[in-house]
């Protein structure tokens with residue numbers, strides 16, 4: 001069956017929960033063992049002292065290690081990306097930081113794409129160096145050979161341990177070739193595996209599947225499309241059994257696993273994930289049709305606007321992306337003043353950060369989500385004071401467009417007043 005059908009029941013046995021059609025919230029810190037021998041067996045597997053026997057399930061011990069809501073959710077999330085295993089966290093940043101801390105050590109080199117989400121950018125550039133981890137970044141448009149030369153010229157090529165990319169990039173919608181990134185990792189993989197991790201938050205688990213293009217790990221802020229209702233914070237990491245075992249091991253000791261309540265809320269959201277994302281992708285296309293022709297809009301950053309003349313970006317989109325997505329950025333004609341006039345005039349669309357929720361959201365990346373990114377870098381990446389980022393929701397697209405239109409009129413009226 002298709003994942004959207006299995007989201008209702010996969011991994012859950014009603015007979016174990018008094019026949020409840022939906023999984024209850026297992027709001028408990030610890031679990032009772034049937035015997036001392038059973039407790040011993042559970043701990044042996046949980047702490048890696050022995051491998052699970054064939055057919056043996058990991059027993060419930062303590063909700064910092066495992067919990068029924070968490071396990072069912074993780075099982076269901078693997079279906080979209082066809083991953084072997086999944087680890088869920090209490091936030092997207094918890095997932096990202098745990099992965100980076102598990103697979104990097106002092107002296108290692110981390111190669112990142114640019115731009116990244118502001119929180120990721122901060123942790124990678126300002127926290128990881130405190131642990132002796134080196135970071136270099138490459139830009140959209142650089143060729144495979146140029147990136148290889150960048151690594152070799154750093155003098156740290158033998159220390160490359162991981163490549164971390166975000167595609168499409170937040171907030172510019174720039175695309176990074178996942179398979180090419182893995183080829184770069186393999187180029188430097190001599191006596192050790194160099195892992196490729198992909199932040200797939202912008203496309204969610206439906207519109208792009210990085211594992212199928214060579215990624216070793218795929219990361220999500222599950223707050224976004226997976227949660228999708230602006231009422232829960234969560235993160236997820238998916239990959240092979242061996243890699244996720246390592247991720248879960250560190251998660252246990254950092255204590256940043258998702259709570260039973262978070263797991264339950266995400267299971268609820270998964271049941272409507274495809275329906276929501278289908279509407280959001282449809283709405284986004286309609287909104288962009290309007291923005292492309294508005295006199296107060298200077299440029300629109302959207303996957304659907306890529307044409308054959310855009311070369312590599314167009315090719316990457318056709319190879320990796322299953323839709324144009326639900327995220328739009330655009331430049332208003334003017335400066336921060338005009339951008340703020342637009343944002344302050346919105347009525348239906350909410351002025352807030354985050355994305356992927358049922359309601360449409362708008363924000364100003366340069367002074368909000370990406371304010372901590374180096375100013376010079378922001379300018380080079382076109383994250384300017386005139387850029388607006390839109391997350392398109394499930395409202396009627398005509399109402400979304402009407403709200404954008406009336407807000408843009410506020411800019412136009414100001415321009416006319418000045419003239």
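Computed from the coordinates by the stated procedures, all read-outs in this text should not be read as laboratory data. The model shown is predicted, which means the values in this text are computed figures rather than measured ones. Backbone-built Cβ (ideal geometry, glycine too); neighbour counts: all protein chains shown.
Sorted largest first, the principal axis extents computed over the alpha-carbon atoms of the range 194-286 equal 44, 33, 16 Å. Rg of the Cα atoms in the chain, relative to 2.2 N^0.38 Å, amounts to 1.03.
In this simple spin-label approximation, residue 406 and residue 33 carry label points 7 Å from Cα along the Cα→Cβ vector, and these lie 6.4 nm apart.
In percent, rounded to a whole number, the relative contact order of the range 1-97 is 27, using alpha-carbon pairs under 8 Å and six or more apart.
Given a Förster distance of 30 angstrom, what is the FRET efficiency for residue 56 paired with residue 158, based on the Cβ-Cβ distance and rounded to 0.05? Taking R0 as 30 Å, the efficiency between residue 56 and residue 158 is 0.15. Compute the helix-to-body angle for 144-153: its Cα long axis versus the longest principal axis of the chain, expressed 0 to 90° and rounded to tens. The answer is roughly 70 degrees.
Over the C-alpha atoms of the range 273-418, the Rg to Rh ratio, Rh being the Kirkwood estimate, stands at 0.96. For the pair residue 240 and residue 105, the difference between a 0.36 nm per residue extended length and the Cα-Cα distance amounts to 46.5 nm. For helix 397-418, report the angle its Cα long axis makes with the longest principal axis of the Cα atoms of the chain; keep it between 0 and 90° and round to the nearest 10°. Here the helix axis deviates by roughly 40 degrees. With 0.36 nm allotted per residue and the present C-alpha distance subtracted, the residue 127-residue 193 stretch has 21.4 nm of extension available. Sorting the segments 214-227, 276-289 by their mean number of nearby beta carbons within 10 angstrom, highest to lowest, gives 214-227, 276-289.
Of the residues 302, 314, the one with the fewest other Cβ atoms within 10 Å heads the list, and the complete ranking is 314, 302. Would you please classify the overall shape of the range 1-109 from the alpha carbon gyration tensor, given that a ≥ b ≥ c denote the square roots of the eigenvalues, rounded means a/c under 1.5, and beyond that prolate means a/b larger than b/c while oblate covers the rest? It is oblate, given that a/c is not under 1.5 and a/b is not larger than b/c.
Between the range 67-104 and the range 1-42, the alpha-carbon centres lie 18 Å apart. Our estimate of slack between residue 183 and residue 2, defined as 0.36 nm per intervening residue step minus the Cα-Cα distance, is 62.1 nm.
Normalising the average separation of contacting C-alpha pairs (under 8 angstrom, six or more residues apart) by the number of residues puts the relative contact order of the range 273-418 at 29 percent. Axis of helix 260-270 versus longest Cα principal axis of the chain: the two differ by about 60°, to the nearest ten degrees.
Under 16 Å from a label point 7 Å along Cα→Cβ of residue 315: give me every residue in the range 160-192 with its amide N that close. What the label zone holds, given the 16 Å backbone N cut-off, is 175-184. Spacing of the modelled spin labels on residue 396 and residue 75, each 7 Å from Cα toward Cβ, amounts to 4.2 nm. Which FRET efficiency value, to the nearest 0.05, do you get for residue 143 and residue 322 by plugging their Cβ-Cβ distance into 1/(1 + (r/R0)^6) with R0 = 22 Å? For residue 143 and residue 322, the calculated efficiency is 0.30. Stokes-Einstein diffusion for the range 256-335, with the hydrodynamic radius set to the Kirkwood value over Cα pairs and evaluated at 10 °C in a medium of 1.306 mPa s, equals 105 µm²/s. How would you classify the range 99-200 from its alpha-carbon gyration tensor, with a ≥ b ≥ c the square roots of the eigenvalues: rounded for a/c under 1.5, else prolate if a/b is greater than b/c, otherwise oblate? Oblate, because a/c is 1.5 or more while a/b does not exceed b/c. Normalised by the number of residues in the chain, the mean separation of alpha-carbon contacts (under 8 Å, six or more apart) gives a relative contact order of 16 percent.
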